[in-house]
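Structure, as structure tokens:
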Amino acid sequence: MSFPLLTATAVLPAIGAIATAAVPAAQRTAAKWLALLVSLATLALAITILVRFDPDGGRYQLTESHSWIADFGVRYELGVDGIAVALIALTALLMPFIILAGWHDADPLETGSRRWRPTQGFFALILAVEAMVIISFEATDVFLFYIFFEAMLIPMYFLIGGFGDRAHEHGEEAASTQRSYAAVKFLLYNLIGGLIMLAAVIGLYVVAGNFSLQEIAQARANGSLHMATSTERWLFLGFFFAFAVKAPLWPLHTWLPNAMQESTAPVAVLITAVVDKVGTFAMLRFCLQLFPEASKWATPVILVLALISIVYGALLAVGQRDIKRLVAYASISHFGFIILGIFAMTSQGQSGATLYMVNHGISTAALMLVAGFLISRRGSRLIADYGGVQKVAPVLAGTFLIGGLATLSLPGLAPFVSEFLVLVGTFTRYPAVGIIATFGIVLAALYTLVLYQRTMTGPVKQEVSAMPDLRVRELVVVAPLIVLLIFLGVYPKPVTDIVNPAVKSTLSDVHKKDPKPSVEAAK
Amino acid sequence: MENLIALLVAAPLLGAAVLLCGGRRLDAVGHWIGTVLAFVSFAFGVILFADLLGKDAEHRTLMQHLFSWVPVEGFQADVTFRLDQLSMTFVLLITGVGSLIHLYSVGYMEHDERRRRFFGYLNLFLAAMLLLVVADNYLLLYVGWEGVGLASYLLIGFWQHKPSAATAAKKAFLVNRVGDMGLSIAIMLMFTTFGTFAFGPVLDGVGDTSEGKLTAIGLMLLLAACGKSAQVPLQSWLGDAMEGPTPVSALIHAATMVTAGVYLIVRSGAIFNAAPDAQLAVTVVGAVTLLFGAIVGCAKDDIKKALAGSTMSQIGYMILAAGLGPIGYVFAIMHLVTHGFFKAGLFLGAGSVMHGMNDEVDMRKYGGLRKYMPVTFITFGLGYLAIIGFPGLSGFFSKDKIIEAAFAKGGTEGWILGGAALLGAAITAFYMTRVMLMTFFGEERWRNQPTRSPEAPSAEPVAEHHGEHAEPHPHESPKVMTIPMILLAVGSVFGGAFFSIGDRFLHWLEPVTGHSEGDSPVSAATVTGATMVCLIIGVGIAYAMYGRRPVPAVAPRGSLLTRAARRDLLQDDFNHVVLVRGGEHLTRSLVYVDHTLVDGVVNGTAASVGGLSGRMRRLQNGFARSYAVSMFGGAAVLVAATLLMRAV
Amino acid sequence: MTAQLAAYSTSTGEAFQFWVLGTVAVIGALATVFMKKAVHSALSLAGTMIILAVFYLANGAYFLGIVQVVVYTGAIMMLFLFVVMLVGVTAADSLKETIKGQRWLALLCGLGFGILLLGGIGNASLNDFNGLGQANGNGNVEGLAALIFTKYVFAFEITGALLITAAVGAMVLTHRERTERAKTQRELSEQRVREGKYVPPLPAPGVYARHNAVDIAGLLPDGTPSDLTVSKTLRDRGQIRDVSSEALNDLRALEQRSEERLERTEIEPATFKREEASQ
Amino acid sequence: MNPVNYLYLSALLFTIGATGVLIRRNAIVVFMCIELMLNACNLAFVTFSRMHGNLDGQVIAFFTMVVAAAEVVVGLAIIVSLFRSRHSASVDDASLMKL
């Protein structure tokens, strides 16, 4: 019985959350530092996982398995494949930056506001989310996964509803009402998805008799567990719906703009860069492995929806007046790409999709956090309220531009590699889809550059004339992300090496082979 | 020796990194760092060139494999550099002209407080452009391709406080993105067809695949070329790109970046050779653009815009030549190089003129400048002679060859293309003479009138230097600016002759591009003669219109064609009406739909549920006993249920 | 022999006992529900419980039977009675229903539930009766003890804790903390003087009354009854019996008796009245 | 006679008690009815224990009694304090349990 590394990685932030919450109200700063340290320690553990993980080893590694609810065959089973490792690393990596970026977001408001802002609570909730996300990346028991997939909503709900932007044009009251609206919307959407999934989970249990992903997948593979076609499809839909809401896939996306708009920038990053990834990840791990046939059956529809997400999200991003909403719709478009890559069912597509999850996490974090810094300076989220910032705060503008360029997936920055992989992977099997998706890159350029032009360039607006440039703390947040973007753009090999074997085995689950190049096919 | 290739790219990249991350402490020396690194890169280029010359013609290809970039199942993208004669030519052009323009910028941007960043961007551009030409696979080329796009975006929008500049930059990037879309689709097609996109396998494997696929790839590549090289229908951005500082226009939008399209087509020559339809499309695009650009060039009063039009049309020539296949490749590249010299020279001259005229760009407010800025006049004049193809100067050789090749295409196509090329030559002669006359001859229209075009950049260094006085006093530019002009003039004078005599250039490039002599229906001599005639006609008309008669300080209304040409032949208006307006409406309606329809459904459900619960809440009257009743009833139901279960 | 009595199915004696006492039990239960006064409900409930105790005995649960008598009827019901007294013996709450439809629903549910239950028992096959012969072999109490202290010892402990908790809880609930110091007699008298009311001590109950009962207001010198002579609790409950009429009747009866005994000529009512008036 | 009758009786008593809980307003009486229900249950337990020939039923009944005692104690205490505060022992007076 070796040291339970996975459990430790998940439990550490949980303990940290409790500890942070327990810090007396007076020592705000202490709580912040505690949270930061815990997140860093978690990062260290995640890196250990990364090191201990052997890409060419077994499919699931560092596994732990204990009986939990014996009567229902629910087991406490953890295990990571390449995809999970990458995403755990991403989560653990982003957390310190999120915490650092949100350093002052939960400080008590200035006089004149009656809202109470428990600083400790803010950081405790963030850590709680981290713990749950990590364990749902690790869980190889469907039921275990489901529990944390759902439990995640609770801290997120409070993060969205409790700690909105202090920047709001309609004043505190309107802000709080809109906030609660957004929070409730978030909760309802995901709860409904979760309930439908619960039904599917139970159904799976009825069919399979246990919840263990590996056992079921094996049983499906060697034919010892046969599912009626219709059953499999219904179960698949049940799972997929929940993941599609979380992802979010058009037309289940409308909760994301509200949530990201109302929550503070770090929380928005938490939503789109970390929590939503669980959805796409789960599509790869559960939908494809448990219901390969149904996945193939549903592929056409899903591809169309993903296409719609890509184009639609990008177009709406162009039409937004609110910086954060714009980023939200951009994310919807990107999630379209990810899902496209997953269901193209080619190794390029799925490797690309996984890579995309990581890169999108980093790039959105960079863009959104800088946007958050910008907003916190001017106290407004409206694009129209800015202009000429570039002249006043060049560093801020520069970082913002780099984040934007990453969002439009400029070659040399990380997202390009993944996006191109997804496109190629899709194109090889569905050329038309691939071409339509390619329009997304033009639209991406459009909304990013329009945003940059309207906020950063042009004559300096009166209100921003006194805007300070990035502070040290903020630089510490942004700089590593940018370095990472460039590094992964130039040298993504470390990630792809980890991911490829996992993708390979996933593809073998769904019995799909990459289409051969026509030249070889001809020979 | 191969490893130098990496350094070639790395030197300017390092410069960019240092300058952009260095911060204010580098402001003092930043520009020199940038310039030095550009020259260093040039030095590497020369060394490599010498090395290539040392080898025999067949083995003049250096490969350098750095690392595996994107290793994914069945998808291998490596960072591999390939330096053959074609790349070498570009490397020398880019680093050479680039270095000179760096030098020039030192003077030109002297008073701009953001000069350090400017040089950072220039270095970034150099790096990207070099990467583009030494890449060994299309994906890596794509990186350079977008890299130069980014650099040009940053440089066009360098004076970001000018909304016009910011808009122009955005426009350039977007239009380029459309082209890039073509490139990426082409790459995908290659991948599905050949399973790879490295130059070697793709170009060698052409034989194994169907012509249809190749045509598709070719057309996509053409789309990419159109975007980058400002060819019809994606040419609209080049004119606005003149918002950028003049050195940028010279380097990026005249000498190097805009010729990337030509490079792409020539590089992919094998594909086009096997896909005649694609080739035809290329030639058509080239021919149309060379006329289009020329016509636009005639109408513009803004000196830079006029030159931009000319650039467009010259690149049209190159594309046309490239479209002609093996007959034309060499000459396309040759014209590219010579054009790089004289067009860069012309732009630098224009910059020098603006420098002396408080950034006045309206040629109608120039005139008679020759005696105030002699060096500029002479260099500009030489560039002028070169571009119109004055016998003996570089333009003469390269353009002449292209026209020949066009005729040599044979058949009606040959005649049409050749005719277009000839006509283009005539128009070129006309508008360049026009520029020349309006700028350096005639009476001094800038006397006793405040010349400060309203949209002139306030941060344009000279302006701040000179302040706002009523009347400009033209003066020659400092050495640091004139020396590059002189060097480029030399290049534009002797370049063509040096290349063509003994077909040096042909032999140099042939191993890569291949070459075939088409059987021309008209002899070379006839073509040359015809070109001369066109030239004389063009110059003559221009002289008649602008040399003899005084030029009105405000543009006359002009004919319909003139007015259309002033507006880039209404291309922008079309874009504005169709794309911009349409797009705005589309997005706005979509936002509405998203809010009312997609979101409305959900909110509606929520509302109805709320109403229902409101009604149900009446049951809760607070009397413990009535709750107890419901409990009891529930118990009864349970018992009934159990009994029923037992019964069945 | 009692063991045997429990062992074999049932004797006719038990049958007789069941039918008689069962009826009474049901009647008692109904009375518990439908009696107006809480006291009566309590008493009838006690009756039912005692009958149940008998049934326990009949079913061989000797220990429980005794406990039933001691704990329930002995302790719990008495507790009830105490509370009833505290709240008011005679306070009869009307059986009129206030919540609309409550009663009908209740009866409906009750009826349905009962029928279902009885039906359920009816069609359950409960015919093999192996009595408590060997279970009670060496004494019922010992058997119970064995079970309680071995198998159910944990539950037993828990219930112990529960009882203690309940006791403490009851104390906490009912115990009322006195907020201020109790007034001394001096302070009270001073307050009375200050207020100018009841400067003399309150009239004792039945001082001028013709007979002494705590719930009859004594007469003041002018013959009017004064509630002050009745204890506060009774006043609160409104359980004061009016004295005046009864008192006069008693008086008349007393005088007649004395006349008969002393052979006096009857006094004419006028004088009598006058006397009364003079009083 | 079949001892099942004891079960019938207990069912009857239970139902009566339940109904009483529902229709009486006086808290004390309500409590008495609850007691009645408990006792009915006890009777059933005892009968069952006789039926199965083991004493577990009686043990349960015993525990029930204890619990009932505890419940009565607390309940009555509540009633008393309720009566103190609002001079009535009607369960309907405490009708704040609604939105």
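Bear in mind that the values in this text are calculations on the coordinates, not laboratory data. Values in this document were obtained by computation on a predicted structure and should not be read as measured data. When we count neighbours, we look across all protein chains shown, and the Cβ atoms used for this are built from the backbone with ideal geometry, even at glycine.
Going toward the positive end of the dipole of the protein assembly as shown, with +1 on Lys and Arg Cβ and -1 on Asp and Glu Cβ, which of A:247, A:331, B:234 do you reach last?
The residue sitting farthest along the positive end of the dipole is B:234.
So for the stretch A:144-254, what percent of the C-alpha to C-alpha distances run longer than 21 Å?
Every Cα pair in the stretch A:144-254 considered, those over 21 Å come to 49 percent.
Evaluate the Debye formula for the protein assembly as shown with equal point scatterers sitting on the alpha carbons, no solvent, and hand back log10 of I(q)/I(0) at q = 0.04, 0.06, 0.08 Å⁻¹, in q order, two decimals.
These q points yield log10 I(q)/I(0) values of -0.44, -0.73, -1.06.
Please give the FRET efficiency for residue A:297 paired with residue B:371, using the beta carbon to beta carbon distance and R0 = 60 Å, rounded to the nearest 0.05.
It comes to 0.15.
Give the average, rounded to an integer, of partner chain Cβ atoms located within 10 angstrom of each Cβ in A:428-437.
Across A:428-437, the average partner-chain Cβ count within 10 Å equals 2.
What order do you get for A:192-200, B:244-252, B:428-436 when each peptide is scored by the mean count of other beta carbon atoms within 10 Å, highest first?
B:244-252, B:428-436, A:192-200
For labels at residue C:184 and residue A:25 in the simple 7 Å Cα→Cβ model, what's the distance in nm?
Taking the two extended label points, one gets 4.6 nm.
Could you pull out the pairs from B:300/B:343; B:304/B:343; A:296/A:513; B:162/B:300; A:246/A:513; A:493/B:228 whose alpha carbons sit more than 23 Å apart here?
Beyond 23 Å between Cα atoms: A:246/A:513; A:493/B:228.
In deg cm²/dmol, rounded to 500, what helix-only [θ] at 222 nm does the protein assembly as shown give when every DSSP H run of at least 4 residues adds -39500 (n - 2.57) and the total is split over its residues?
My calculation for the protein assembly as shown gives -22500 deg cm²/dmol from helical runs alone.
Need one word for the stretch C:1-88: rounded, prolate or oblate. Basis is the Cα gyration tensor (sqrt eigenvalues a ≥ b ≥ c); a/c below 1.5 gives rounded, then a/b vs b/c decides.
Verdict is oblate for the stretch C:1-88.
Can you find, among B:553, D:2, A:92, the residue farthest towards the positive end of the dipole of the protein assembly as shown? Put +1 on the C-beta of Lys and Arg, -1 on that of Asp and Glu.
Looking along the dipole axis, the top candidate is B:553.
Order the peptides B:255-264, C:30-39, B:103-112, D:32-41 from the highest to the lowest mean number of other Cβ atoms within 10 Å of their residues.
B:255-264, D:32-41, B:103-112, C:30-39
Scan around residue B:302 for amide H atoms under 5 Å from its own, H built in the peptide plane at 1.01 Å from N, and keep only partners 5 or more places away or cross-chain.
Those qualifying (amide H under 5 Å, at least 5 residues apart or on another chain) are B:363.
Say R0 is 56 Å: what FRET efficiency, to the nearest 0.05, do residue B:522 and residue A:304 get from their beta-carbon distance?
E(calc), rounded to 0.05, equals 0.50.
What is the helix-to-structure angle for D:27-52, meaning the angle in degrees between its Cα long axis and the longest Cα principal axis of chain D, kept from 0 to 90 and rounded to the nearest 10?
10
For chain B, which semi-axes, largest first and in whole Å, follow from the square roots of 5 times the eigenvalues of its Cα gyration tensor?
54, 33, 26
Find, among the trypsin sites (Lys or Arg not before Pro) in the stretch B:552-648, those assigned to loop by DSSP (not H, G, I, E, B) with at most 11 other beta-carbon atoms within 10 angstrom.
Counting only loop positions with at most 11 other Cβ atoms within 10 Å, the trypsin sites (Lys or Arg not before Pro) in the stretch B:552-648 are B:557.
Take peptides B:164-175, A:3-14, C:50-61 and line them up by average Cβ neighbours within 10 Å, highest first, as a rough protection proxy.
Put in order of decreasing packing, that is C:50-61, B:164-175, A:3-14.
For residue B:480 and residue B:203 in the same chain, what is the full-extension length gain: residue separation times 0.36 nm, less their Cα-Cα distance, in nm?
The span from residue B:480 to residue B:203 would gain 95.3 nm if fully extended.
Hey, what angle do you get for helix B:394-408 against the long axis of chain B, alpha-carbon based, 0 to 90 degrees rounded to 10?
For helix B:394-408, the angle is close to 70 degrees.
Run the simple label-point estimate for residue A:218 and residue B:113 please: 7 Å along Cα→C-beta, distance reported in nm.
Distance between the two pseudo-spin positions: 7.0 nm.
In peptide C:165-177, how many Cβ atoms from other protein chains are near each Cβ within 10 Å, on average?
Counting Cβ atoms of other protein chains within 10 Å of each residue's Cβ and averaging gives 5.
Taking the dipole about the Cα centre of the protein assembly as shown, with the C-beta of Lys and Arg at +1 and of Asp and Glu at -1, give me whichever of D:43, A:300, C:104 is farthest to the positive side.
Of the listed residues, the answer is C:104.
Label-point separation (nm) for residue B:280 and residue B:606, each offset 7 Å from Cα along Cα-to-Cβ?
Roughly 5.9 nm, to one decimal.
Set the Förster radius R0 to 45 Å, insert the Cβ-Cβ distance between residue C:197 and residue C:168 as r into 1/(1 + (r/R0)^6), and round the FRET efficiency to 0.05.
The formula returns an efficiency of 0.60 here.
Using modelled amide H (1.01 Å from N, peptide plane; none on Pro or chain starts), what sits under 5 Å from the amide H of residue A:141, excluding residues fewer than 5 places away?
Amide H neighbours of residue A:141, under 5 Å, 5+ apart: A:77, A:213.
For peptide B:177-188, how many partner chain Cβ atoms fall within 10 Å of a residue's Cβ, on average?
Shielding by partners across B:177-188 averages 5.
Just to confirm the number: angle between the C-alpha axis of helix A:28-52 and the first principal axis of chain A, 0 to 90 degrees, nearest 10?
Approximately 30 degrees, to the nearest 10.
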